[in-house]
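Novice: What follows is a single structure, and I will ask about it in a moment.
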Amino acid sequence: MSEEKNTPRAVEKIKQTGAAAAPSLFTLGNLACGFFSILSASQGHFAKAGWLILIAAVFDLFDGRVARMLGTESEFGVEMDSLADAVSFCTAPALLMYFMVLHQYPLWGAPIACVYACFGVLRLAKFNTMAHAGMGSKKYFSGLPVPAPAAILASFAISYSIMQAGGNNLKMVPVLLPHIYNLVALAMLVMAILMVSTVPYAAFKAKRNKKMSVWTMLLLVVLVVLLIRFPQDVILIVMSAYVLFGLLAVLYRAFKGIKIEK
């Protein structure tokens, strides 16, 4: 009799355990992609390494949402997510750029990659500290979130590899890629500084009260179509615009004498 009474409770406990484990599976997928990205970059498979970082970003996009949907958010999940991000979005892109570009500069190539990775980890620590203190905002991130520069570097590696292989890129992108290649070190330093800065970047977490305009919907449709055809190029352009927009917004407000909330 006791076994029959306990069976429904045991089943419910198993369901709860499975629900709690679901977000962690996404986080582990993120971490695994970061690990194999590093391995691929060290073997010279730069496009593959880039794709793995972008797949890691997809896992990272869903783990928190799955946890909130299932009501299984926890401090353990937050800490685990940050550790996975440190590998996939700090270490992996830094090493990808080192093996692809920065190794050509023995004096300062490795230090720049190291600075990028270290500043990314500092950004994650800062984010966690602010979240625990209840200082986070649904509208803005304080500093550049680590997936954005990681996506830029990953998509650049993919686009450049496709161009070298004679594949198809979005028009004008092949013209820009050699210049980006020569400026990778500078771009990494700028993005590293932005990650630990207080520059506000849109978080896109707040609920929209206004309906999208026709032009906005049309732009999204065009982006989706281009994303299907040239995913690496669209990600490179969109994420670069995201980074630049944050900088331009700060410069504009500073020029106008408007105080920026931190």
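Every number here is computed from the coordinates shown, using simple stated rules; none is lab data. These numbers come from a predicted model, not from an experiment. With ideal geometry, Cβ positions are generated from the backbone for all residues, glycine too; neighbour counts draw on all protein chains shown.
Novice: On a full-extension model of 0.36 nm per residue, what is the gain between residue 105 and residue 182, subtracting their alpha-carbon distance, rounded to one decimal in nm?
Specialist: 26.6 nm
Novice: What is the calculated FRET efficiency for residue 79 to residue 172, with r their C-beta to C-beta distance and R₀ = 45 Å, to the nearest 0.05?
Specialist: With a Förster radius of 45 Å, E is 0.60.
Novice: Which links in 138/256; 126/211; 171/211 stretch past 30 Å when you go from one Cα to the other?
Specialist: From 138/256; 126/211; 171/211, over 30 Å: 126/211; 171/211.
Novice: Give a residue-ordered list of calculated ³J(HN,Hα) values for the stretch 122-132 (Karplus: 6.51 cos²θ - 1.76 cosθ + 1.60, θ = phi - 60°; whole Hz; x for Gly, Pro).
Specialist: The phi angles translate into 4, 4, 5, 5, 5, 4, 5, 4, 5, 5, 5 Hz.
Novice: Quick one: which of 105-117, 167-179, 23-35, 86-98 comes out on top by average Cβ neighbours within 10 Å, and what's the full order, highest first?
Specialist: Ranked from most to least packed, the peptides come out as 86-98, 23-35, 105-117, 167-179.
Novice: Describe numerically, in nm with one decimal, the distance between label points set 7 Å from Cα along Cα→Cβ at residue 255 and at residue 213.
Specialist: Simple spin-label model gives 2.2 nm for this pair.
Novice: Further, regarding this structure: List the residues, sorted by chain then number, that are 5 or more residues from residue 141 or on another chain and whose placed amide H is less than 5 Å from its amide H.
Specialist: Amide H neighbours of residue 141: 201, 202, 203.
Novice: If the viscosity is 0.692 mPa s and the temperature 37 °C, what translational diffusion coefficient in µm²/s does Stokes-Einstein give for the stretch 127-238 when Rh comes from Kirkwood over Cα pairs?
Specialist: Answer from the Stokes-Einstein relation: 201 µm²/s.
Novice: Considering the stretch 72-128, what Rg and Dmax in Å follow from its alpha-carbon atoms?
Specialist: 13.6, 47
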